[in-house]
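K.L.:
Sharing a structure here in C-alpha cells format.
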Amino acid sequence: MITKRTHLGDITVSKQFFTELIGRTIVSCFGVVEMNAGGAKQTLVESLPFLSGKNKVDKGVSFKIIRDKLYVDLHITVLYGVNVASVVKSIQHKIKYAVEEETDIPVERVNVFIDGIKS
C-alpha cells in the first residue's frame, strides 16, 4: 500500500492498482508484442502452471517508491521493424502520464528493457 497525503486527507493506493495500470498502458502501446518476466520471482511464477495464467497484466512490471517518487522497470518484447527508440519514448511518456494523471504521484524514471524482438 502506498499512502499519499493531500489537503483532503490520506489516499491509499494498492500495489496491484499500480501494476495493473502500468501493465494495461504498456499493452496498448504501438510496437509492444508482449511483456516478459522481469525478475526471479516473476520467472518462478511463470514456470508454475497453476499460477502463470492468473494475471498476465503485471508480468514484466516492477516499481519502487523512493522519497515519494515512482521508479518503474518494464520488460517487453517489441515488433520487428519498429523504431525501438520511438517505442521506448512512447512507453515512457504514456506510463508517466497515466500514473501521474490517476494517482498524482510523480514518476521519476521509467526504465524499459527490451528482452526480445518478434516478427
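K.L.:
Within the range 30-42, which residues are among the hydrophobic types (A, V, I, L, M, F, W, C), at pLDDT below 90 and surrounded by fewer than 18 Cβ atoms within 10 Å (Cβ to Cβ)?
P.N.:
Ala37, Ala40
K.L.:
Take the range 75-92 and flag every residue that is in a helix (DSSP H, G or I) and within 17 Å of Glu20 (Cα to Cα).
P.N.:
Across the range 75-92, the qualifying residues are Ile91, Gln92.
K.L.:
Please work out if His93 is more than 30 Å from Gly9 (Cβ to Cβ) and at pLDDT 95 or above.
P.N.:
yes
K.L.:
Which is surrounded by 10 or more Cβ atoms within 10 Å (Cβ to Cβ) and at pLDDT 90 or above, of Val45, Val13, Val72?
P.N.:
Val72
K.L.:
Sticking with this structure for a sec: Please list, ordered by first then second residue, the pairs with beta carbon atoms under 8 Å, 6 or more apart or interchain, first in the range 100-118 and under 15 Å from Thr19 (Cα atoms), second of a type in the set (Lys, Arg) and surrounded by 13 or more Cβ atoms within 10 Å (Cβ to Cβ).
P.N.:
Thr103/Lys4; Ile105/Lys4; Val107/Lys96; Val110/Lys96
K.L.:
Could you check how many residues of the range 16-28 are crowded, with 18+ Cβ neighbours inside 10 Å and of a type in the set (A, V, I, L, M, F, W, C)?
P.N.:
Total satisfying the criteria: 4.
K.L.:
Across the range 1-10, what is the total count of residues that are exposed (fewer than 12 other Cβ atoms within 10 Å of the Cβ) and in contact with a helix residue (DSSP H, G or I) (Cβ under 8 Å, 6 or more places away or on another chain)?
P.N.:
1
The values are calculated or read from the model by the stated rules, or taken from the named source; none is laboratory data. In this text, all values refer to a predicted model and were calculated from it rather than measured experimentally. Note: ideal-geometry Cβ built from the backbone for every residue, glycine included; neighbour counts use all protein chains shown.
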